[in-house]
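Beneath this line is the structure, given in structure tokens, with notes to follow.
Values in this text are rule-based calculations from the coordinates and carry no lab data. A quick note: this is a predicted structure, and the numbers were derived from the prediction, not measured. Using ideal geometry, Cβ is built from the backbone for each residue, glycine included, and neighbour counts are taken over all protein chains shown.
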Ligand SMILES: [Zn+2]
């Protein structure tokens, strides 16, 4: 058994269609300060971890300054900060294909990272936006993206898939996992923003809900639609049903006031430590 296997949080009975606050407490051990995405757990080579609030904010400065909090956190699942690549995210659609030369770099104006190399760990930071993780197990291609409504509007999700396919990925073999983000229970937006999406998607009424005169954009629906339209397998896409705003005690939420704090998501394909 690989050493890191025990570090992967295994949890079951996840209902990925409803936002249910009790889910968090039933499936995550209290002493575990991070979560993973179940659909990736069958891949022993994959490290996928998303930090909870109690870890603290592990954003740009901590990474660049080799803050011991981030090095200590990464050590818990045997990842060396020297092997990590970060992004200075700007809500656009720039994607960089990285390799070992990019280790320890923090790439500017980037919202997506892809690599075919092992032992490089790609980082994403979020607080209400969607941390999206990708893996094509046959071609061993991994990716991560930061998507808010702007990234979704710019089709960053399908652009990530296209880049992976260019590198040799089979689109139907790509696994996609989405960590905690602000869901349609809480994501109240202006009518203008609804109109913008309806213009793009031709009056699809499923993109939002209206409650008590307020509009709620459904980011999961929009992103899922994007992935399915391009040809991704529905069975290989998993959204955690955790809303950052509803579960603000466990995850940072920009809208709930966490203006400088971020959740750290990390994915890598590990070769060391395996039997
Ligand atoms: Zn919510």
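What residue among 205, 110, 126 has the largest mean-square fluctuation in a Gaussian network model of the chain, using Cα springs under 10 Å?
205
Once you have a ≥ b ≥ c as the square roots of the Cα gyration tensor eigenvalues for the stretch 127-193, tell me rounded if a/c is under 1.5, and otherwise prolate or oblate according to whether a/b is larger than b/c. Walk me through the numbers on the way to the answer.
On the way: a/c = 3.36, a/b = 2.11, b/c = 1.59.
Prolate is the answer for the stretch 127-193, as a/c is 1.5 or above and a/b outweighs b/c.
Need one word for the stretch 184-250: rounded, prolate or oblate. Basis is the Cα gyration tensor (sqrt eigenvalues a ≥ b ≥ c); a/c below 1.5 gives rounded, then a/b vs b/c decides. All intermediate terms of the calculation are to be shown ahead of the outcome.
Details: a/c = 2.77, a/b = 1.08, b/c = 2.58.
Oblate, since a/c reaches 1.5 and b/c is not below a/b.
Taking the Cα atoms only, what angle lies between the long axis of helix 156-166 and the longest principal axis of the chain, rounded to 10 degrees?
Orientation of helix 156-166: about 50 degrees from the principal axis.
What angle do you read, to the nearest 10 degrees and between 0 and 90, between the alpha-carbon axis of helix 191-201 and the longest principal axis of the chain?
Rounded to the nearest ten degrees, it is 80.
Between rounded, prolate and oblate, where does the stretch 115-244 land on the alpha carbon gyration tensor, with a ≥ b ≥ c its root eigenvalues, rounded for a/c under 1.5, else prolate if a/b exceeds b/c? List each step's numbers first, then the result.
Numbers: a/c = 2.40, a/b = 1.80, b/c = 1.34.
Here the stretch 115-244 falls in the prolate category.
Could you state the number of Å between the C-alpha centres of the stretch 143-213 and the stretch 73-116?
22
When the chain is modelled as a GNM with alpha-carbon springs shorter than 10 Å, which of 124, 144, 98 fluctuates the most?
Residue with maximal mean-square fluctuation among 124, 144, 98: 98.
Which FRET efficiency value, to the nearest 0.05, is calculated for residue 101 and residue 191 with the Förster distance at 30 angstrom and r the Cβ-Cβ distance?
Efficiency, rounded to the nearest 0.05: 0.05.
Counting each DSSP H run of 4 or more residues in the chain as -39500 (n - 2.57), what helix-only mean residue ellipticity at 222 nm follows after dividing by all residues, to the nearest 500 deg cm²/dmol? The partial results should precede the final answer.
Working: 7 runs with 59 residues, N = 275.
Value at 222 nm, helices only: -6000 deg cm²/dmol.
Apply 1/(1 + (r/R0)^6) to the Cβ-Cβ distance of residue 233 and residue 206, taking R0 = 30 Å, and write down the FRET efficiency to the nearest 0.05.
Efficiency, from the Cβ-Cβ distance: 0.90.
Let me understand the chain better: what is its radius of gyration from the alpha carbons, and its Dmax, in angstrom?
When restricted to the Cα atoms of the chain, Rg and Dmax are 17.6, 58 Å.
Grab the Cα-Cα distance for residue 32 and residue 108, subtract it from 0.36 nm times how many residues apart they are, and report the gain in nm with one decimal. Don't skip to the answer; put the middle values down first.
On the way: separation 76, 0.36 × 76 = 27.36 nm, distance 3.16 nm.
Full extension of this stretch gives 24.2 nm more.
Roughly what would the spin-label model give for residue 66 and residue 82, points 7 Å off Cα along C-beta, in nm?
0.9
Report, in degrees rounded to the nearest 10, the 0 to 90 angle that the Cα long axis of helix 219-230 makes with the longest principal axis of the chain.
Rounded to the nearest ten degrees, it is 80.
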